[in-house]
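Student: First the structure, then my questions, so here it is.
The values are calculated or read from the model by the stated rules, or taken from the named source; none is laboratory data. Owing to the predicted nature of the structure, the values given are computational and were not obtained by experimental measurement. Here the Cβ positions follow ideal geometry from the backbone for every residue, glycine too, while neighbour counts run over all protein chains shown.
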Amino acid sequence: MLLFLGANAWSQTKLIAHKSHSGSAKSFTYSLHSKTFNKGESNFGQAPQRMVRNSRLDTVRLLPDARVIMITSESCYWEDYGGRPESNPELWSAGKDTLNGHPLFNAEHTPMEIRKTLQDEYYFTNTPSSVVLIGFDEPKADVVETPKLDQSPLKVRKKKSKSEEPQLPAQKGPSLFYMIIMALLSSILRLPY
Amino acid sequence: MVRRFSLFPLTFFGFILLFFPMSWNIVAFQNTLTDFIFLPLVRLFFPQTDFTSDAKGLYVLVGILLGISLIVHGFFLRMNAEKFTRTMSILRTASVFFLSTLLLKYGADKMFKAQFYLPEPNLLYTPMGKLDKDILFWSTMGTSYEYNLFMGIMEIIPGLMILFTRTRKLGLIIATGVFLNVFAINISFDISVKLLSFILLMMSIYLVYPYLFSTKENDAEASYFSTKPKWIKAVLLGLILIESIGPYMLHGNFNDDSASRPIMHGAYEVTHQGFTEGNSLFELNIKRVFIHRDGYMIFQFENEDMADFALEIDQIKQTMTLTDYSEVQQILRYSYNRKTKVLELQNTNGTTIISTRAIPWRNLPALQRQFHWTVD
């Protein structure tokens, strides 16, 4: 498994958790002894402790023989801090992988098209602009026009270099003070829908 | 003079505090410790069991702890009066802190809408009569943010009150009412937290009893271990708060209803489906497909039956791996358009099996905020 995205829940009680995904009473017995379905331990009606597991697409390198080398890293955290294992390497482990004949990562697509598709159809934790694409041809359509004297400078199209692309502001985590205020406000004012 | 035999329950509560396998955040090793010490013994009685809530193993564990408490209490009885009283006051104080921690933890879980979470789409589209009472209760509670807020506050208030001498009596009275209600719900709706809720009810009744029936003996029994200097109490209070609200503060999620869901989470109605010979999964008519936030895919058939599978999504290969309860895996190719919300599933041969379109499940009446003072 190259990439895995999902969440495990140490939920409620095992029975409530099982029924929440339409599990039947009969299959509950199986689930208790299944590594796939028995994802956690009972916690006596408490809130679920979810493990959110996703991935970052760091680099895609197109080789001359149309194969693609991809480098991924893992983004994985518990929604609590129970100190349990962070991930199951049997499901997926981050690193380097080679693909052949991928429908998106091939010479027919430009980096711009690839980034747009990543934006629309993929759910990596990092932004498409942060993915390093190597070996993909830049589009030829972006021609730098020389302005004529009788033309308005506004008509000039100039391809932006990568460094000029708009960058998202760096995200800072909320401060403790902010979180306390938010906790109080949300508990008093915030409505779910 | 303290009535020595009447203090046996405190010894038992002390062992509950130490070994009842709660899912603590800051002392997560407790589960491992309990498993290591008691699970082999418990499995002599029931080889397949564990310490799941209301599993046979948990009842056996509590029985073992009762037996150990009886023995240990025998040793306590040999202490001189001063040591005995001191030991019991420590146990009584620890029991109060235990109750307080649970009240605050469960209260925060409710207040932040994490315990009775928003019902999953597959449950919302299940006919009510097909749901068991426990999941029906859980889901119904999950539809009201306001009631969860109220319930949470009603647990947090006594949880705080019982920590302080001046408010402990009233706090314990309210806490007893809370635990009585919880136990009644668990019994009435067959919710599988009966054993723990019974123990908590007994604990709160035991602790409030001396306050309600004040006699010389009861007053002597109701002595608490002094947590002076005050910083000890401050540290304990801090630990309790970290345990109960720490995860929410850490992740900034104060309303689970609006917390982000995994990719493609939701409900999908089938717009077109083709059948594949020999593929048992799609031999029946599929009406809806659901993706559960905990990593499951659920198919709803025309006859309202459901089939659930563990789900793994491979974004690069655009495949979903479904695993059934026999651990048999089936790989489906998928395509999903984030804008049109169309999800298509194909078998590995490339034949289109099923096309679906997302349903705006959050618009269902059960999830709307409704309030009417008047009906006409």
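Student: Looking at segment B:288-332, which of the residues that are among the β-branched types (V, I, T), without any contact (Cβ under 8 Å) to a residue 12 or more places away in the chain and out of contact with any Asp or Glu (no Cβ under 7 Å at 6 or more places or on another chain) is nearest to A:K19 (Cα to Cα)? Walk me through how you get there before you give the answer.
Tutor: So the first thing to find is which residues in segment B:288-332 are among the β-branched types (V, I, T), and the list is B:289, B:291, B:298, B:313, B:316, B:319, B:321, B:323, B:328, B:331.
This time we only want the ones that are without any contact (Cβ under 8 Å) to a residue 12 or more places away in the chain, so: B:316, B:321, B:328.
Remaining after also requiring out of contact with any Asp or Glu (no Cβ under 7 Å at 6 or more places or on another chain): B:316, B:328.
Working: B:I316: 31, B:V328: 21 Å.
Of everything passing the filter in segment B:288-332, B:V328 is nearest to A:K19 (Cα to Cα).
Student: Of the conditions (1) at the interface with chain A (Cβ under 7 Å from one of its Cβ atoms); (2) within 34 Å of the chain's Cα centre (by Cα), B:K341 fails just one. Which one is it?
Tutor: (1)
Student: Taking the conditions exactly as written (more than 12 Å from chain A (Cβ to nearest Cβ), touching a residue at least 12 places away in the same chain (Cβ under 8 Å) and surrounded by fewer than 24 Cβ atoms within 10 Å (Cβ to Cβ)), does B:T165 satisfy them or not? So that I can check it myself, show each step before the final result.
Tutor: Values: more than 12 Å from chain A (Cβ to nearest Cβ): yes; touching a residue at least 12 places away in the same chain (Cβ under 8 Å): yes; surrounded by fewer than 24 Cβ atoms within 10 Å (Cβ to Cβ): yes.
So B:T165 passes the test.
Student: Hey, among B:S355, B:S335, which residue is more than 7 Å from chain A (Cβ to nearest Cβ), within 19 Å of A:Y123 (Cα to Cα) and in contact with an Asp or Glu (Cβ under 8 Å, 6 or more places away or on another chain)? Can you show your working first?
Tutor: Details: B:S355 fails: within 19 Å of A:Y123 (Cα to Cα).
Answer to the check: B:S335.
Student: From the list B:E243, B:E269, which residue is modelled with pLDDT of 90 or more, outside any loop (DSSP other than H, G, I, E, B) and either surrounded by 18 or more Cβ atoms within 10 Å (Cβ to Cβ) or small (G, A, S) (or both)?
Tutor: Numbers: B:E269 fails: either surrounded by 18 or more Cβ atoms within 10 Å (Cβ to Cβ) or small (G, A, S) (or both).
From the options B:E243, B:E269, the qualifying one is B:E243.
Student: Any chance you could count how many residues in segment B:128-150 are assigned to a helix (DSSP H, G or I) and surrounded by fewer than 22 Cβ atoms within 10 Å (Cβ to Cβ)?
Tutor: Step one: list which residues in segment B:128-150 are assigned to a helix (DSSP H, G or I), which gives B:128-130, B:133-142, B:145-150.
So of that shortlist, the ones also surrounded by fewer than 22 Cβ atoms within 10 Å (Cβ to Cβ) come out as B:128-130, B:133-134, B:136-137, B:140-141, B:145-147, B:149-150.
Adding up the residues that qualify gives 14.
Student: Scan segment A:95-139 for residues that are more than 22 Å from B:K339 (Cβ to Cβ), touching a helix residue (DSSP H, G or I) at 6+ places or on another chain (Cβ under 8 Å) and surrounded by 13 or more Cβ atoms within 10 Å (Cβ to Cβ) and report the count.
Tutor: Qualifying residue count for the region: 2.
Student: Would you pick out the residues in segment B:358-368 that are at the interface with chain A (Cβ under 10 Å from one of its Cβ atoms) and in contact with a helix residue (DSSP H, G or I) (Cβ under 8 Å, 6 or more places away or on another chain)?
Tutor: At the first step, the residues of segment B:358-368 found to be at the interface with chain A (Cβ under 10 Å from one of its Cβ atoms) are B:362-363, B:367-368.
Listed by number, the list holds a single entry, B:L367.
Student: If you go through segment B:53-81 one residue at a time, how many are under 30 Å from B:D134 (Cα atoms) and in contact (Cβ under 8 Å) with a residue 24 or more places away in the chain? Spell out the reasoning first.
Tutor: Step one: filter segment B:53-81 for residues under 30 Å from B:D134 (Cα atoms), giving B:53-66.
Then keep just the ones that are in contact (Cβ under 8 Å) with a residue 24 or more places away in the chain; that gives B:53-54, B:58-59, B:61-62, B:64-66.
Going through segment B:53-81 one residue at a time, the tally reaches 9.
Student: Against the definition (among the basic types (K, R), surrounded by fewer than 16 Cβ atoms within 10 Å (Cβ to Cβ), over 27 Å from the mean Cα position of the chain (by Cα) and modelled with pLDDT of 65 or more), how does A:K19 come out, yes or no? It would help to see each step written out before you state the result.
Tutor: Details: among the basic types (K, R): yes; surrounded by fewer than 16 Cβ atoms within 10 Å (Cβ to Cβ): no; over 27 Å from the mean Cα position of the chain (by Cα): yes; modelled with pLDDT of 65 or more: yes.
When the stated conditions are applied, A:K19 does not pass them.
Student: Just to be sure, is B:N181 polar (S, T, N, Q), more than 22 Å from B:L91 (Cβ to Cβ) and either touching a Ser or Thr at 6+ places or on another chain (Cβ under 7 Å) or outside any helix (DSSP H, G or I) (or both)? If you could, list the steps in order and put the result at the bottom.
Tutor: On the way: polar (S, T, N, Q): yes; more than 22 Å from B:L91 (Cβ to Cβ): yes; either touching a Ser or Thr at 6+ places or on another chain (Cβ under 7 Å) or outside any helix (DSSP H, G or I) (or both): no.
Answer is no for this residue.
Student: Given the residues B:G142, B:G152, which is the only one that is within 20 Å of the chain's Cα centre (by Cα), at pLDDT 95 or above and over 30 Å from B:F301 (Cα atoms)?
Tutor: Working: B:G142 fails: over 30 Å from B:F301 (Cα atoms).
Selected residue: B:G152, the only one of B:G142, B:G152 that is within 20 Å of the chain's Cα centre (by Cα), at pLDDT 95 or above and over 30 Å from B:F301 (Cα atoms).
Student: Now, a different point. Of all residues in segment B:220-258, count the ones that are over 23 Å from B:E155 (Cα atoms) and of a type outside the set (S, T, N, Q).
Tutor: Going through segment B:220-258 one residue at a time, the tally reaches 8.
Conditions tested, residue by residue: (1) β-branched (V, I, T); (2) within 14 Å of another protein chain (Cβ to nearest Cβ).
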residue: B:L70; (1), (2): no, no
residue: B:M79; (1), (2): no, no
residue: B:R86; (1), (2): no, no
residue: B:V96; (1), (2): yes, no
residue: B:T101; (1), (2): yes, yes
residue: B:G107; (1), (2): no, yes
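Residues are listed down the side, and each one gets a yes or a no for (1) surrounded by fewer than 21 Cβ atoms within 10 Å (Cβ to Cβ); (2) under 30 Å from B:I359 (Cβ atoms):
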residue: B:L58; (1), (2): no, no
residue: B:L70; (1), (2): yes, no
residue: B:R92; (1), (2): no, no
residue: B:F112; (1), (2): no, yes
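Student: Which pairs have Cβ atoms under 7 Å, sit 6 or more apart or on different chains, and link a residue in segment A:111-125 that is more than 10 Å from chain B (Cβ to nearest Cβ) to one that is assigned to a helix (DSSP H, G or I) and surrounded by fewer than 20 Cβ atoms within 10 Å (Cβ to Cβ)?
Tutor: Filtered contacts from segment A:111-125: A:R115/A:P128; A:R115/A:S129.
Student: Do any residues in segment B:344-368 that are more than 15 Å from B:V289 (Cβ to Cβ) have Cβ atoms under 6 Å from those of residues that are at pLDDT 95 or above, where the two are at least six apart or on different chains, and which pairs are they?
Tutor: Final answer for the pair search is B:L364/B:L124; B:A366/B:T143.
Student: Return yes when B:L44 is more than 25 Å from the chain's Cα centre (by Cα) and outside any helix (DSSP H, G or I) and no when it is not.
Tutor: yes
Student: Answer yes or no: is there a residue in segment B:13-24 that is small (G, A, S), touching a strand residue (DSSP E or B) at 6+ places or on another chain (Cβ under 9 Å) and either within 14 Å of chain A (Cβ to nearest Cβ) or more than 27 Å from B:D190 (Cα to Cα) (or both). Give the derivation first.
Tutor: Pass one, segment B:13-24, residues small (G, A, S): B:14, B:23.
Subset that is touching a strand residue (DSSP E or B) at 6+ places or on another chain (Cβ under 9 Å): B:23.
Adding the requirement that they be either within 14 Å of chain A (Cβ to nearest Cβ) or more than 27 Å from B:D190 (Cα to Cα) (or both) leaves B:23.
Scanning segment B:13-24, I find at least one residue that is small (G, A, S), touching a strand residue (DSSP E or B) at 6+ places or on another chain (Cβ under 9 Å) and either within 14 Å of chain A (Cβ to nearest Cβ) or more than 27 Å from B:D190 (Cα to Cα) (or both), so the answer is yes.
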